[in-house]
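First the structure, in the form of structure tokens, and then the observations on it.
What follows is calculated from the coordinates using simple rules that are stated; it is not laboratory data. None of the values given here were measured: they were computed from a predicted structure.
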Amino acid sequence: MRWLKRTYLTWHEYAARDREAQLLDFISSTTQKSVENYWKKEVKKWL
């Protein structure tokens, strides 16, 4: 039973870390895209 609990907790921890990493990746890529779009608009204004 102890082994099962430890395995479950370890797996749960990995899953949580993986989700966190995916979320951070999504946030950073979304931020990058919005910044790029903003700069494209700014450049078009000046050109």
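Post the alpha-carbon centroid distance, the stretch 19-47 to the stretch 1-15, in whole angstrom.
37
Mind pulling up the Rg/Rh value for the chain? Radius of gyration and Kirkwood radius, both on Cα.
So for the chain, dividing Rg by the Kirkwood Rh gives 1.50.
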